[in-house]
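The structure under discussion appears below in the form of structure tokens.
The values are calculated or read from the model by the stated rules, or taken from the named source; none is laboratory data. This is a predicted model, so every value here is computed, not measured. Note that we place each Cβ from the backbone using ideal geometry, even for glycine, and neighbour counts take in every protein chain shown. Please note that ligands, DNA and RNA were not included when accessible areas were found on the heavy atoms of the full protein model with its side chains. Shrake-Rupley method; radii C 1.70, N 1.55, O 1.52, S 1.80 Å.
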Protein chains: 6
Amino acid sequence: MATTRLLGDAEVEKIPAVKAVFDDIRATRKSDFVNNFWRGLANDPAALKRVWEQLKAVMVVDSAIDPLTKEMIYIAVSTANGCSYCIHSHTAAARAKGMTDAQHGELVSIIGLAGQTNHLVTAMQIPLDPQFEVK
Amino acid sequence: MATTRLLGDAEVEKIPAVKAVFDDIRATRKSDFVNNFWRGLANDPAALKRVWEQLKAVMVVDSAIDPLTKEMIYIAVSTANGCSYCIHSHTAAARAKGMTDAQHGELVSIIGLAGQTNHLVTAMQIPLDPQFEVK
Amino acid sequence: MATTRLLGDAEVEKIPAVKAVFDDIRATRKSDFVNNFWRGLANDPAALKRVWEQLKAVMVVDSAIDPLTKEMIYIAVSTANGCSYCIHSHTAAARAKGMTDAQHGELVSIIGLAGQTNHLVTAMQIPLDPQFEVK
Amino acid sequence: MATTRLLGDAEVEKIPAVKAVFDDIRATRKSDFVNNFWRGLANDPAALKRVWEQLKAVMVVDSAIDPLTKEMIYIAVSTANGCSYCIHSHTAAARAKGMTDAQHGELVSIIGLAGQTNHLVTAMQIPLDPQFEVK
Amino acid sequence: MATTRLLGDAEVEKIPAVKAVFDDIRATRKSDFVNNFWRGLANDPAALKRVWEQLKAVMVVDSAIDPLTKEMIYIAVSTANGCSYCIHSHTAAARAKGMTDAQHGELVSIIGLAGQTNHLVTAMQIPLDPQFEVK
Amino acid sequence: MATTRLLGDAEVEKIPAVKAVFDDIRATRKSDFVNNFWRGLANDPAALKRVWEQLKAVMVVDSAIDPLTKEMIYIAVSTANGCSYCIHSHTAAARAKGMTDAQHGELVSIIGLAGQTNHLVTAMQIPLDPQFEVK
């Protein structure tokens with residue numbers, strides 16, 4: 001249950017600024033499916049456009065980090081932030097980009113280990129070694 | 001300032017269970033430097049061994065995710081958890097494994113974007129699309 | 001599913017210390033509806049009273065921050081903490097206090113942006129500018 | 001200590017894409033001071049521009065939520081996320097926009113109370129009342 | 001809905017490395033019930049073994065902190081991390097180890113109070129008193 | 001560096017409502033030392049009184065959970081929330097109440113393990129077993 005309405009396709013058709021973003025999402029992803037996140041954001045057309053443009057610039061464009069790694073990093077952040085929807089949607093995206101069961105298993109283990117050492121370091125309040133300072 | 005003592009090398013020499021782990025850290029990493037995290041954990045030799053063995057199994061062994069990607073995932077979790085020490089130590093590790101400035105810049109952008117969409121999704125309490133369900 | 005029982009009205013009637021708080025909640029809010037949060041807390045009558053008195057002092061009393069702004073701040077904290085119940089209940093409270101769709105859209109955008117810059121700052125470990133120091 | 005370099009003004013002068021954003025920050029804020037956050041982001045000129053444009057659109061433009069309330073919401077999110085730098089910079093911004101000591105005291109109390117009830121709700125796993133559902 | 005498959009008993013029977021851990025879980029806990037957490041981890045037999053061995057070493061072995069206190073500490077961390085499943089499973093474990101309603105009520109209050117003062121301290125960015133430094 | 005002023009003893013003397021709370025803190029703790037947290041809260045005398053009364057009711061009064069266990073639960077929450085000041089102050093309090101090095105080592109291990117399994121469960125989105133439901 002959302003705290004805001006999720007716009008259906010009929011409603012989207014009537015708001016040109018939203019329609020334009022949805023068209024671009026469909027064209028970019030080569031799929032008719034537009035997930036609920038965008039349907040919630042569509043209540044604020046300017047926000048919808050801002051977030052989508054940003055997501056395209058960071059996640060869609062070819063760049064120094066490969067697309068699957070990007071999705072795994074996204075899952076890692078979403079897990080630590082406890083965003084259930086985000087974990088599901090980006091795990092689906094990672095699988096669509098070829099993540100194997102072995103890679104998923106390892107990703108989960110790395111996230112778990114980081115969770116552990118983050119807590120150990122924080123509980124002990126370990127001070128930074130000078131060797132880690134950026135010159 | 002730690003909430004526990006950090007064991008120096010002289011002290012480590014006197015505790016065989018700690019000495020054995022420190023020797024293995026040095027041999028595995030081909031470096032004499034043992035960072036403060038292990039010196040704090042060394043107060044509990046069994047915990048030290050457990051955490052180190054686990055870190056070796058997850059982060060050091062060759063596996064389905066490459067070493068640099070592992071470090072970037074680690075940085076992502078540590079950032080979302082706000083563990084300053086962990087961000088510094090794993091950013092140093094990622095650089096030692098070849099992370100370029102461009103890759104670091106992108107990593108930071110992905111983490112930031114995930115932080116944003118995690119918050120947007122949570123504020124709107126977006127319900128899961130059935131398309132994301134694992135069969 | 002709660003990890004504790006939620007007290008129904010029949011049970012509340014039998015515990016004077018709980019009944020007194022429920023009566024005050026109903027009188028203060030001018031509504032017969034007492035939400036599940038208080039029904040869970042009611043297992044510990046002293047805690048129920050402590051939390052309710054505090055909520056009255058902070059959220060109900062006229063003060064330097066207007067009631068709608070208070071609810072928006074509450075939603076912001078609850079989102080960053082990932083408390084789904086709290087996001088729902090305080091979004092409902094904010095709407096009851098007049099929050100418009102435009103204000104809700106902006107609130108969501110501010111929360112999202114803060115989520116992003118919080119993550120960017122933490123990933124880069126930006127040091128404090130001396131200009132921000134309180135004199 | 002940052003995990004990336006902070007670009008000084010001399011360096012900024014040599015990178016037109018960064019220079020353009022810094023000029024806009026200075027013009028928009030009517031101040032010569034550009035804080036460290038932007039100097040870290042400047043390592044990735046496209047990211048710098050993306051984040052700044054977004055911040056302008058959300059925080060600077062006149063809109064349905066007044067400027068001081070926006071800053072208080074920002075402080076609330078940053079506190080729950082534990083971003084020390086962000087708490088300092090947005091508390092300074094809120095004060096510059098007229099936040100009184102009384103308002104700051106109340107803001108702190110609301111954040112504290114939300115932190116408490118978020119934890120209480122989560123520990124008891126309180127289920128959502130149907131009354132809070134968005135129609 | 002998990003992001004990975006949960007292995008049923010028939011499948012577990014066919015994977016000796018998983019079967020061995022499940023047998024040990026059942027023997028250690030003196031119960032035939034193996035909860036979903038282990039069924040998800042079982043996708044990666046080495047991770048399953050690592051996590052189970054660690055849980056046994058920390059939570060099962062007799063040690064300086066009694067078993068019920070350990071579970072209450074676990075609930076405290078899980079609440080602050082917002083892990084609903086973990087809160088439920090460890091609250092069940094704590095009750096099985098004798099946690100009374102009064103103790104649960106107090107535990108919830110302590111967690112709530114810590115959540116509050118954590119947020120107050122962070123919002124005010126209180127500097128450490130030298131008296132708290134470990135010598 | 002705090003985002004608010006910390007009241008010194010001379011200033012406290014001039015504000016009876018603050019003075020009364022400080023006197024009670026000193027009498028309750030049988031110590032002249034009043035730590036910075038209360039000096040920051042003192043900017044808002046009503047908030048100071050509310051938080052102190054609550055802390056007394058939850059942490060000081062004899063009850064179903066012993067004083068040392070209460071402090072360990074407090075450290076656990078504060079660690080997961082990343083509140084450095086709180087970790088330091090409550091670790092000092094736990095030591096003052098008799099926490100041994102062995103107990104501290106175990107506490108750190110439990111917090112770390114919970115951090116790990118919280119992340120594992122969240123990454124895999126493990127669904128609740130019906131066996132954990134409260135009747």
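Assume the label is 7 Å from Cα along Cα to beta carbon: what separations in nm does E:Val60 have to the matching positions in the other copies?
Values, ascending and in nm: 2.6, 4.4, 5.1, 5.1, 6.0.
Measuring label to label, 7 Å along Cα→Cβ, what does C:Gly8 give against each other copy in nm, shortest first?
From this label point to the equivalent ones elsewhere in the assembly: 3.6, 3.6, 6.2, 6.8, 7.3 nm.
What list of ³J(HN,Hα) couplings, whole Hz, do you get for region F:31-47 from phi and the Karplus terms 6.51, -1.76, 1.60, once you set θ to phi - 60° and write x for glycine and proline?
For region F:31-47, the Karplus-derived couplings read 7, 7, 6, 10, 7, 3, 3, 5, 6, x, 4, 4, 4, 10, x, 5, 5 Hz, x marking Gly and Pro.
Shielding by partners for D:51-61, please: the mean number of other protein chain Cβ atoms within 10 Å of each residue's Cβ.
4
In sequence order, what are the phi-derived ³J(HN,Hα) couplings for region D:87-98 according to the Karplus relation 6.51 cos²θ - 1.76 cosθ + 1.60 with θ = phi - 60°, rounded to whole Hz, with x for glycine and proline?
4, 5, 5, 7, 5, 4, 5, 5, 5, 4, 8, x
Taking only DSSP H segments of four or more residues, each worth -39500 (n - 2.57), what value at 222 nm results for chain B once the sum is divided by all its residues, to the nearest 500 deg cm²/dmol?
It lands at -20000 deg cm²/dmol.
Mind checking which chain B residue has its Cβ closest to the axis relating B to D, and how many whole Å off it is?
So the closest residue, with its distance, comes out as B:Gly82, 3.
Considering amide H positions built from the backbone, and no H for Pro or chain starts, which residues 5 or more places from C:Gln125, or on another chain, come under 5 Å of its amide H?
Here the answer is D:Thr3, since their amide H atoms fall under 5 Å of that of C:Gln125.
Rounded to whole Hz and in sequence order, give me ³J(HN,Hα) for region F:61-66 from the Karplus expression 6.51 cos²θ - 1.76 cosθ + 1.60, θ = phi - 60°, writing x for Gly and Pro.
Calculated HN-Hα couplings, in order: 5, 5, 7, 6, 10, 6 Hz.
Please enumerate, by chain and number, the lysines with C-alpha under 25 Å from the C-alpha of B:Lys56, excluding those fewer than 8 residues away in the same chain.
Within reach: A:Lys70, B:Lys14, B:Lys19, B:Lys30, B:Lys70, B:Lys97, E:Lys19, E:Lys49, E:Lys56.
What is the Cα centroid distance between region D:14-91 and region C:69-112, reported in whole angstrom?
22
Sorting check: for F:118-124, F:3-9, D:67-73, which peptide has the highest mean count of neighbouring beta carbons within 10 Å, and how do the rest follow?
So the order, starting with the most tightly packed, is F:118-124, D:67-73, F:3-9.
Using a 10 Å cut-off around each Cβ of peptide D:63-72, what is the average number of partner chain Cβ atoms that fall inside?
Shielding by partners across D:63-72 averages 6.
Residues of region A:9-87: accessible area per residue at 1.4 Å, in Å²?
Value returned for region A:9-87: 39 Å² of accessible area per residue.
With the contact rule set at Cα under 8 Å and sequence spacing of 6 or more, what percent relative contact order holds for region D:16-135?
After rounding, I find 16 percent.
Between copies, how far does the label point of C:Thr100 sit from its twins, in nm, shortest first, when each point is 7 Å from Cα along Cα→Cβ?
The projected label point of C:Thr100 is separated from its counterparts by 2.6, 4.9, 5.6, 5.6, 6.6 nm.
Can you give the mean number of other chain Cβ atoms that lie within 10 Å of the Cβ atoms in peptide B:31-39?
Taking all residues of B:31-39 together, the mean is 3.
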